[in-house]
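Written below as C-alpha cells is the structure these notes are about.
The values are calculated or read from the model by the stated rules, or taken from the named source; none is laboratory data. In this text, all values refer to a predicted model and were calculated from it rather than measured experimentally. FYI the Cβ positions are ideal-geometry reconstructions off the backbone, even for glycines, and counts take in every protein chain you see.
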Amino acid sequence: MQLPLISILIPFKNTSNYLNECIDSIIDQTFTNWELLIVDDSSTDDSFDIVSKYSKEDKRIKLFKNNGSGIIEALRLAFKHSSGTFITRMDSDDIMTTNKLEVMVNSLQKYGKGHIAIGLVHYFSKEGISEGFSNYEQWLNKLTRKGENYSEIYKECVIPSPCWMTSKEDLIKCEAFKPNRYPEDYDLAFRFYKYGLTCIKSNDMLHHWRDYPIRTSRTHEHYAQNHFIELKLHYFLELNYDNSRPLTIWGAGLKGKTVAKALVEKNIPFYWICDNPKKINKHIYNQQLKEFKYLEHLNNPQSIITVANTEAQKEIKLYLHNQNMKTMEDYFFFC
C-alpha cells in the first residue's frame with residue numbers, strides 16, 4: 001500500500017548554526033514519504049547555501065525564497081507549494097525524534113478527519129533551560145498526555161508550533177495561514193479549537209525544542225505579552241463570551257489592566273474584582289475595583305482570571321468550584 005505524503009513546512013532566517021541538525025533529523029525519519037517545503041525569509045548568513053546543498057542532494061527538499069516578509073508569508077508560500085495529504089510544521093533550529101512523522105501519521109490514519117496529532121516536547125539549550133520554560137514544558141506535556149489541550153487555551157499556546165500534524169483538508173477548514181495575526185502559532189491553535197479539531201492524546205516524546213537568547217519568539221515584537229492578551233481577548237469574545245451574562249475581570253495587575261483597558265475601548269461592560277485591600281474601591285479607567293466576593297451578587301457571571309500567582313490560582317479555583325462554576329464555561333484563566 002502506498003504511504004501518504006507528508007508536507008513539512010519550515011520558514012528559516014539566519015539559523016545556519018542549527019540547520020544541519022534540523023534537516024538531518026528529517027532525513028533520518030523512519031517514515032520516508034515526505035516533502036520538505038523550506039522557505040528562506042531574507043537570511044543574511046549562509047543559511048540559504050546550507051539548505052541549497054541539501055536540496056540538490058535530496059529531491060524531497062524544495063527550497064524557496066520568501067516573496068514577502070515574516071513567518072506568516074513564508075508559511076503561506078510553503079503551504080501553496082505543498083502536495084501532501086498531511087501537513088506539519090517544523091522550526092529550523094529544532095530536532096525531530098526519528099519516529100516523529102511515523103507516530104503522527106499513524107495517529108491521524110487511526111482517528112481520521114477532524115483530528116490533530118500532537119506529541120510531547122522537550123526544551124534544550126546550551127545555556128540551560130529557565131524555570132519558566134521548564135514549567136511551560138511540563139504544563140504542555142501534561143495537557144498533551146490527556147488530549148485536553150483546549151481546556152487551558154487562554155493561559156498559553158496549548159499546541160506547540162513545531163509539533164502538530166493534521167490533514168490538509170482540515171488545515172484549510174481552519175483557514176491555514178490566511179490570518180495576519182501574531183503570534184501565528186497561538187492564533188492557529190485557537191482556530192483548531194474554533195473549528196473543532198480534536199487533539200489526539202499522546203505519551204510519545206516527538207520533538208526537541210531548542211531555546212537560545214536570539215530566538216525569534218524571545219526577541220520579536222510580535223511575540224510580546226500585549227499581543228498574547230490581545231489575541232486571547234479576540235477569541236474569547238468570539239468563541240466563549242456570552243453577552244447575556246455579566247462579565248468580570250479578576251485581578252488588577254498589568255494583565256488585568258490590559259484586559260480592562262481593551263474592554264473599555266470596545267465598550268464592553270464588565271465588573272472588576274480583586275482581593276488586594278490596597279486596590280479595592282479604587283478607580284482605574286473609570287472602573288471601580290470591588291472585593292472579589294462581589295461576584296456572588298452577580299447573576300450567572302463569566303470571569304476572566306488574570307492572577308498569575310500559582311497558589312492564588314489554586315485558591316481562586318477552589319472558590320469558584322465552591323460556587324459551582326465550571327472552567328471554560330464560567331471562568332477562563334488568562335495567565
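Numbers below:
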quantity	calculated
In segment 159-178, residue nearest to Asn240 (Cα to Cα) [restricted to those that are free of Cβ contacts under 8 Å to residues at least 40 places away in the same chain and not basic (Lys, Arg)]	Cys174
Looking only at segment 241-263, and only at residues there that are among the hydroxyl-bearing types (Ser, Thr, Tyr) and over 18 Å from Ile316 (Cα atoms), the one that is surrounded by the fewest Cβ atoms within 10 Å (Cβ to Cβ)	Ser244
Hits in segment 283-331 - residues which are crowded, with 20+ Cβ neighbours inside 10 Å and closer than 17 Å to Leu263 by Cα	Leu289, Pro301, Gln302, Ser303, Ile304, Ile305, Thr306, Tyr331
All helices (runs of 4 or more DSSP H) inside segment 85-179 with 3 or more residues being under 29 Å from Gln2 (Cα atoms) and assigned by TED's automatic domain parsing to the domain that holds Thr32	100-111, 168-173
Check on Ile87, modelled with pLDDT of 95 or more and under 20 Å from the mean Cα position of the chain (by Cα)	yes
Hits in segment 210-266 (condition: assigned to a loop (DSSP other than H, G, I, E, B) and either modelled with pLDDT under 95 or among the small types (Gly, Ala, Ser) (or both))	Asp211, Tyr212, Pro213, Ile214, Arg215, His220, Ala224, Ser244, Gly251, Ala252, Gly253
Subset of segment 267-285 (residues that are at pLDDT 95 or above and of a type in the set (S, T, N, Q))	Asn267, Asn281
